[in-house]
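The values are calculated or read from the model by the stated rules, or taken from the named source; none is laboratory data. Bear in mind the structure is a predicted one, so any value in this text is a computation, not a measurement. We place every Cβ from the backbone using ideal geometry, glycine too, and count neighbours over all the protein chains shown.
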Amino acid sequence: MKVAILPGIRDGRIYRRQRASNAWRYLFLALVAAVMVFPFFWMIANSFNSKQGILSLPPNLVPDRLFTPEMFLNYQEVFGDYNFGRYLWNSLFVASLASLGQVITCATAGFAFGKMRFPGRNLIFGIILATMMIPTHATIIPEYILMFRLGWMNSYLPLIVPSFLIGTFGTFLFKVFFENAPMSLLEASVIDGASPGQVFSLVFVPLARGAIVTLLIIAFMNNWNDLLRPVLYITSRELMTSTLALTQFQSQYSTEWNLLITGAVVSTTPLLVMYAFLQGYIIEGVSHLGSKG
Amino acid sequence: MGFQAKLRWYRWYHPWLFLALALVGLVVFRLYPIVAALRYSFTAWDIMNEPVWLGLDNYRTIVSDPRYLSIVNNTIWFSAIYTVGVMVLGLALAMLLNARLKGITVFRALTYAPVVTSAVAVGIVWSWILSGRYGILNHFLELFGIDGPHWLGESNLALPTVATVQVWKMAGYYMTIFLAGLQEIPRNLYEAADIDGATGSQKFRSVTLPMLAPFTFFVLIIAVVDSFNNFEIIYSMTRGGPNETTTTMVYSVFLNGFVFYRVGFGAAVAFVLMSIVGVFTAINFWMRRRWAEPVES
């Protein structure tokens, strides 16, 4: 068969068709890229407009403060007067603890499901899967009342604890991973006298490095971008996360679009930079969910 | 395998130690809220006073009061636009990006960038682009002599506009899933079609679509359930307005629970939402078992 195909590919007719279709493809790709990138470009560009510049008609294609000494004035205001550095730090703190916790919860549970047998194993895993798709928004009212009764209002506990303890996708990811991990590793370490805790932490955790990083990144991003819980639970200014600060900003300074958009740039940049460096892990995780979840 | 059965490397309580965190999470933050939401949904409760038993009244209101019927309606419209949008665009993008071309990974990365951006930032930037007077979109349309509307200010336009922005945000996610599906289609099927002289659209209809069908079905279910995740984008773009035309059920849970203090009613809306998700989850499980059986057993 291969012999039959090879001359065909070298045949000029097909080759030319291939080249023409590539040209079309690049054209479409350029169009797609423009639609995807333009809002980001427009966001960054407008962060260099003054309050008057951003309201000029027709819109400034070149921002009025670009390459002037006042170019970064919006950023100075957002970080200085509006204390955005603090909100970024808060987001980093909350998202780090929540995602770290989620990895611990999911890895340990995934290990139990993947490598151990116990009564009710399939039932419990089934219940976890069955509740996987229920959005947080649907269970938020009882959760709020629970947090209220626990006295956790206006603290980071309601932002961290639920994410710490719930991670269906992660549990699933680790279950599959540990199931497929070779039994011989386990046997070798058990014969050496390792306890289950040691088997897990010394043999299987290092093995699961890729899955750990993938889940860590996805959970970090989800927590960084979360809005519902910060809106409900955080009332004092110094505890606000960056997404919450941005919406507060939106209601209070609705006319100062230049600052609002600068705030949007500031709150998304850390994640976009992170994404640029670690995208392989994210795509890996999502593809896995797509083909197996 | 035989060795595995003989080797007792843990005691009966070890699995439960490993499961402890996940079990606490499951019971406290998943199962309890489901039961509690059901209980609250039969009451009128403003948090301050004792709840009053209403029976099924809240549910009756949802299906008979025109105001809430229109919220159900908004939810269906939002979900329909979102689901069709991300499915079609996701598949189209995946087909476009499933090629060995120079720089293709850069294009893939670009389409995924909005997915990792917070809905709040996306909402703010698009609100600015779509602004009736200052927005760049309407000024662009003006070049072609089109008088652009106030996209987010008009009752009949706000919902499709917000849903479309959400499609823009999430298309890359579905592209990635479809891409994984496309890459699992055996290459030799396309080679065979090439030998038979099939054109691009023939290959799409007789190889890609049938091979992708079960996969597409699961993606569809993920997309429908995901379409209810619209609180963030609505909160940051329209806050449910104008005239409640962008108030979906998820947003209504938020409004009733935390703005109007009608906790019982909000819980009823939440429970309806959970039931819908439950039905889709059940379909997912059932179809998965049906399709998986011939392969596994």
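Quick one: would you say A:F40 is surrounded by fewer than 17 Cβ atoms within 10 Å (Cβ to Cβ) and outside any loop (DSSP other than H, G, I, E, B)?
On the way: surrounded by fewer than 17 Cβ atoms within 10 Å (Cβ to Cβ): no; outside any loop (DSSP other than H, G, I, E, B): yes.
Here the answer is no, as A:F40 does not meet what is asked.
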*Check off (1) within 28 Å of A:T131 (Cβ to Cβ); (2) touching a residue at least 24 places away in the same chain (Cβ under 8 Å); (3) surrounded by fewer than 16 Cβ atoms within 10 Å (Cβ to Cβ) for B:T83 and give me the number that stays unchecked.*
(3)
*Determine if segment A:105-124 includes at least one residue that is aliphatic (A, V, I, L, M), in contact (Cβ under 8 Å) with a residue 40 or more places away in the chain and out of contact with any Phe, Trp or Tyr (no Cβ under 8 Å at 6 or more places or on another chain).*
no
*asked:* With the requirement that a residue be in contact (Cβ under 8 Å) with a residue 12 or more places away in the chain and of a type in the set (A, V, I, L, M, F, W, C), what does segment B:53-79 give you?
replied: B:L54, B:L56, B:I62, B:I71, B:V72, B:W77, B:F78
_Residue list for segment B:137-168, restricted to those being at pLDDT 90 or above, touching a helix residue (DSSP H, G or I) at 6+ places or on another chain (Cβ under 7 Å) and either at the interface with another protein chain (Cβ under 7 Å from one of its Cβ atoms) or part of a loop (DSSP other than H, G, I, E, B) (or both)_ = B:W151, B:L152
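Given the residues A:I54, A:I141, A:I128, which is the only one that is buried (at least 16 other Cβ atoms within 10 Å of the Cβ) and either small (G, A, S) or without any contact (Cβ under 8 Å) to a residue 40 or more places away in the chain (or both)? Talk me through it step by step, then tell me what you get.
Numbers: A:I54 fails: either small (G, A, S) or without any contact (Cβ under 8 Å) to a residue 40 or more places away in the chain (or both); A:I128 fails: either small (G, A, S) or without any contact (Cβ under 8 Å) to a residue 40 or more places away in the chain (or both).
A:I141 is the lone residue from the list that is buried (at least 16 other Cβ atoms within 10 Å of the Cβ) and either small (G, A, S) or without any contact (Cβ under 8 Å) to a residue 40 or more places away in the chain (or both).
Within segment B:93-111, does at least one residue satisfy the condition of being more than 18 Å from B:A180 (Cα to Cα), in a helix (DSSP H, G or I), free of Cβ contacts under 8 Å to residues at least 24 places away in the same chain and under 26 Å from the mean Cα position of the chain (by Cα)?
Restricting attention to segment B:93-111, the residues satisfying the condition of being more than 18 Å from B:A180 (Cα to Cα) are B:102-103.
Going one step further and asking which of them are in a helix (DSSP H, G or I), we end up with none.
No, the conditions are met nowhere in segment B:93-111.
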_Being in a helix (DSSP H, G or I), within 10 Å of chain A (Cβ to nearest Cβ) and among the polar types (S, T, N, Q) is the filter here; which residues of segment B:181-238 pass it?_
B:N188, B:S236
